[in-house]
Structure formats: C-alpha cells, structure tokens
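The values are calculated or read from the model by the stated rules, or taken from the named source; none is laboratory data. What you are looking at is a predicted structure, and each value in this text was computed from that prediction instead of being measured. We place every Cβ from the backbone using ideal geometry, glycine too, and count neighbours over all the protein chains shown. SASA here: full protein model, heavy atoms, side chains in, ligands and nucleic acids out. Shrake-Rupley method; radii C 1.70, N 1.55, O 1.52, S 1.80 Å.
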Amino acid sequence: MGKYYDMLMEDIRMREGMKACMNCGVCTAVCPAAEFYNYDPRQIVSTVQTQDDDAIERLLRSETIWYCGECMSCRPRCPRGNTPGYVIQALRTLSQKLGFFVESEKGRQQIALKRTVGDNILRTGYCLTPRLINPDLHQEQGPVWRWIYDNDKEVYGRFNPHYMEEGPGALRRISDDAMAEIRSIFEETGGAAFFDRIEECSDRKARELGFDGANDEYVMYTYTTNSDTHH
C-alpha cells in the first residue's frame, strides 16, 4: 500500500493541494465539471487519501481524472486551503508517466494535445495562432472562422503590422534565438522526454487498437471519438 501515493507526493502540486481535507464537499458543490460529468473532486481526494494502490491505479486508468477543466474554482472556496485541481494535475502527470492514460478514451487524447499545442510551442513559440486553428477540425467556430483563417494576414495585420514577421507586437514571429532557448528549456526540464513518453505509449496503444502506430489516422481517432458514455 502507498506506492502510487508516494509517487504522487513527489509532485509539489500534491503537497500544495492536499493539506487537510475534511471531505466537506464544497469543492464538488462549486465544480462546473461535476454539474455535467460523473465527477466528484471530493471523492477523488478521499480516494487518494486512502493511499490504496488499487484504488489509485483505477483513477490513473480512468476517464475521471480527465473531466476536470482546471478552472480552480475549488481553490478559493475550500475552508481548509486545499486545491483538488492540483491533485488532479498530479494524477494526470503520473498517469502519463506510467502510460496509464492510454487506457481511457479521454486520456488517449493526450497525443492530440501533444501533436497540436505541444508541437506548436516547439515549432512557433505559441500554443496556438490563427493559422493553427484549422476550420475543418473546429467546426464549432462557424463559417466566419473559415474566412478569417483564409484572410488572417489582412485581419490581424490591422492590429499588428508585424503579424507573423519579426518585429514587436502580438503574434509576431518568434526569433530563432528565442526558439532555440525554448527548445533548450524543454530539454533541460524533461519536457522533451515527457513528450517522447506520450508518443511511445500512444504508439503502443494505437497498434493494440489496430492502427499502424500513432499515425495521423490514430490522432484523428482520439480527437473525434466519443463513446457517448461520459455522463
């Protein structure tokens, strides 16, 4: 008992986020995700506090830890100064490190996030830019977005004459020196190895599911699949 708990406690977010929970349920009462999903942050914290390896492993393999929107509504409202959102972050990180994230539908979407937001940072210095929000993948943006996407230089050039070019201002092109520094930070802090782990585990799971590795088809599968069981 306690192996996974000890691993979780190596994460500073656990030490900051779970100090003296008395299971009052305020976090669940104010949680937006709890309103729409079978998600109970109070119960998750209670499970972690048991230090029971089997129970914690079920969490690490579950859909549950991916329902949190990380809005941190729980943080200012807890009467004991806990932050269940931090506990969720630590659970997610451990799930990724151990490769358990690929065992749940929502967890498998980590490869889509890594291939979009993660790789965007290393390629452009931005999580997202207008040119990286493909209308075909974000139909909820509506038909206007297609026009903006196709005319982004005209639209955003009105706000910054250096749009995606070197110079000052928002949405400028990040210099090569700055990009090299960003990539160096990822290497030194373990971010690059973390990304490699997501790729490795996703590739394994993709082959188990009958794909030819974690290719674009698999990424689109994780991005669009919804079993309609998330209630």
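Here are the numbers for the structure shown:
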quantity	calculated
Whichever residue in segment 37-47 is in contact with a helix residue (DSSP H, G or I) (Cβ under 6 Å, 6 or more places away or on another chain) and of a type in the set (Val, Ile, Thr) and, among such residues, is most open to solvent (accessible area, probe 1.4 Å)	Thr47
Answer from Arg146, Arg183 - the residue that is out of contact with any Pro (no Cβ under 6 Å at 6 or more places or on another chain) and either on the phi > 0 side of the Ramachandran plot or charged (D, E, K, R) (or both)	Arg183
Residue in segment 59-70 that is surrounded by fewer than 20 Cβ atoms within 10 Å (Cβ to Cβ) and free of Cβ contacts under 8 Å to residues at least 24 places away in the same chain present	yes
Residue within segment 114-124 that is touching a residue at least 24 places away in the same chain (Cβ under 8 Å), open to solvent by less than 10 Å² (accessible area, probe 1.4 Å) and in a helix (DSSP H, G or I) present	yes
Every residue from segment 89-100 that is under 26 Å from Tyr218 (Cβ atoms), part of a helix (DSSP H, G or I) and either among the acidic types (Asp, Glu) or more than 11 Å from the chain's Cα centre (by Cα) (or both)	Leu91, Leu94, Ser95, Lys97, Leu98, Phe100
Test for Leu98: is it open to solvent by 40 Å² or more (accessible area, probe 1.4 Å), among the aliphatic types (A, V, I, L, M), under 30 Å from Asn23 (Cβ atoms) and without any contact (Cβ under 8 Å) to a residue 60 or more places away in the chain	yes
Filtered residues of segment 17-60 (kept if among the basic types (Lys, Arg) and not in a helix (DSSP H, G or I))	Lys19
Residue list for segment 71-86, filter: surrounded by 12 or more Cβ atoms within 10 Å (Cβ to Cβ) and assigned to a helix (DSSP H, G or I)	Cys74, Arg75, Arg77, Pro84, Gly85, Tyr86
Segment 10-22 - residue that is in contact with a Lys or Arg (Cβ under 9 Å, 6 or more places away or on another chain) and open to solvent by 50 Å² or more (accessible area, probe 1.4 Å) and, of those, modelled with the highest pLDDT	Met22
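Condition check ((1) at pLDDT 95 or above; (2) part of a helix (DSSP H, G or I); (3) closer than 27 Å to Gly99 by Cβ) across all residues:
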{"residue": "Trp145", "(1), (2), (3)": "no, yes, no"}
{"residue": "Val155", "(1), (2), (3)": "no, yes, no"}
{"residue": "Tyr163", "(1), (2), (3)": "no, no, no"}
{"residue": "Gly167", "(1), (2), (3)": "no, no, no"}
{"residue": "Arg183", "(1), (2), (3)": "yes, yes, yes"}
{"residue": "Glu187", "(1), (2), (3)": "yes, yes, yes"}
{"residue": "Ala193", "(1), (2), (3)": "yes, yes, yes"}
{"residue": "Arg197", "(1), (2), (3)": "yes, yes, yes"}
{"residue": "Glu200", "(1), (2), (3)": "yes, yes, yes"}
